[in-house]
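The values are calculated or read from the model by the stated rules, or taken from the named source; none is laboratory data. Note that the structure is a prediction, hence the values are computed from the model and not measured. Neighbour counts are summed over all protein chains in view; Cβ atoms, including those assigned to glycine, are modelled from backbone coordinates with ideal geometry.
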Ligand SMILES: *Cc1c(COP(=O)(O)O)cnc(C)c1O
């Protein structure tokens, strides 16, 4: 593919635009029509058929970014995830999920799959051997998330793909945390890539969207299911997402850099117990991350020292906002115990290594010194309150 030879930032900016033939404007014209003349187009165009001019163009950009033949845009990450799973699974099938899973995907698995006669297992860990152990005669799909939420564990993509191929099983990945800027899973043998475009692709905390990218053959199957489930995205938001993607390379580069520098700073701080970031030499899978990622991403987690209360720390942050979501240009923190993993039992959380003092940090594009200063002043405030109490 010609687009594969172009640099990522050039793809972000130029590939998959709608040409403005009428006025030669710099940006894609927005076609909001839900009705197209049937005698003048060779395909029946309709938003729920994922083939309006803006949907088709953006699909090309996303396919080029993920090194796949085709990509489709959905109304949310969960619309993409549920459509992908319901396309390749049927009654009697079994799927293996990685132990640490995005909360919504976990919820979909445990509340929906059984009533369709689909069984599932969760791995005990994130090694390729942990996936192989769960394989049954009816296993059809292996589903991976790397780096994982919230502890940033790294799954060996080559290893899992090799195990799956040996057993004739399809592999899917939720590549949201890495973004296509930092990781292209199909280069390591993974069959199908999913994104919550609500995160790094949108990047400004104002778009809810999802993506599936894979081969022509797989995407034809996805298409047949997707037109039934109807999870398409409004053309206006498609257009907005195209605009956002033009700067994704620059944004993610700044977020990667902030995460690496903040992780290094936190690692040296006496007020921090532990830092989880694949870019740190100390991370147990640093070498693996280096082999399969172009950079280490904008997400990290850390544990505060026991004396520093998480709630008070959050209260005293001025710049960094406690938030439910992630990956925006603005830095945010969350407490997994209170948000994404609140429904999990304390025993299960302990088993997965998620402590009450854990803070998940989504780095934005602000200046490093300001972020560092905000953390320092918040910790100092919490400590001084303890002294005066
Ligand atoms: C947010 C998120 C999703 C779900 O995406 P929505 O756009 O909220 O439906 C899936 N996976 C990961 C890793 C996410 O962070």
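Restrict the check to the stretch 66-78 and report whether at least one residue is in contact (Cβ under 8 Å) with a residue 24 or more places away in the chain and over 22 Å from the mean Cα position of the chain (by Cα).
No - not one qualifying residue is present in the stretch 66-78.
Looking at 301, 269 in this structure, which one is within 19 Å of the chain's Cα centre (by Cα) and surrounded by 16 or more Cβ atoms within 10 Å (Cβ to Cβ)?
301
Take residue 88 and tell me if it is in contact with a helix residue (DSSP H, G or I) (Cβ under 9 Å, 6 or more places away or on another chain), farther than 27 Å from residue 128 by Cα and in contact (Cβ under 8 Å) with a residue 60 or more places away in the chain.
The answer is no for residue 88.
If you check residue 93 against the conditions, is it crowded, with 16+ Cβ neighbours inside 10 Å, more than 16 Å from the ligand (Cβ to nearest atom) and touching a residue at least 40 places away in the same chain (Cβ under 8 Å)?
Yes; evaluated as a whole, the condition is true for this residue.
Tell me which helices (runs of 4 or more DSSP H) are completely within the stretch 266-385 and hold 2 or more residues being within 16 Å of the ligand (Cβ to nearest atom) and within 24 Å of residue 251 (Cα to Cα), or say none if there are none.
Qualifying helices (runs of 4 or more DSSP H): none found.
Residues to consider are 88, 74; find the one that is modelled with pLDDT of 95 or more and near the ligand (Cβ under 10 Å from one of its atoms).
74
Does the stretch 227-249 hold any residues that are part of a helix (DSSP H, G or I) and within 20 Å of the chain's Cα centre (by Cα), and which are they?
We begin by selecting, within the stretch 227-249, every residue part of a helix (DSSP H, G or I); these are 227-229, 235-245, 248-249.
Those that are part of a helix (DSSP H, G or I) and within 20 Å of the chain's Cα centre (by Cα): 237, 238, 240, 241, 242, 243, 244, 245, 248, 249.
Which condition does residue 322 not pass, out of (1) surrounded by 15 or more Cβ atoms within 10 Å (Cβ to Cβ); (2) in contact (Cβ under 8 Å) with a residue 60 or more places away in the chain, if it passes all the others?
(2)
Residues that are away from the ligand (no atom under 16 Å from the Cβ), surrounded by fewer than 23 Cβ atoms within 10 Å (Cβ to Cβ) and in contact (Cβ under 8 Å) with a residue 24 or more places away in the chain: which strands (runs of 3 or more DSSP E) entirely in the stretch 111-218 hold 2 or more of them? Show your work before the answer.
Values: elements: 119-122, 139-145, 170-174, 192-196, 210-214.
Filter on the stretch 111-218 gives 119-122, 139-145.
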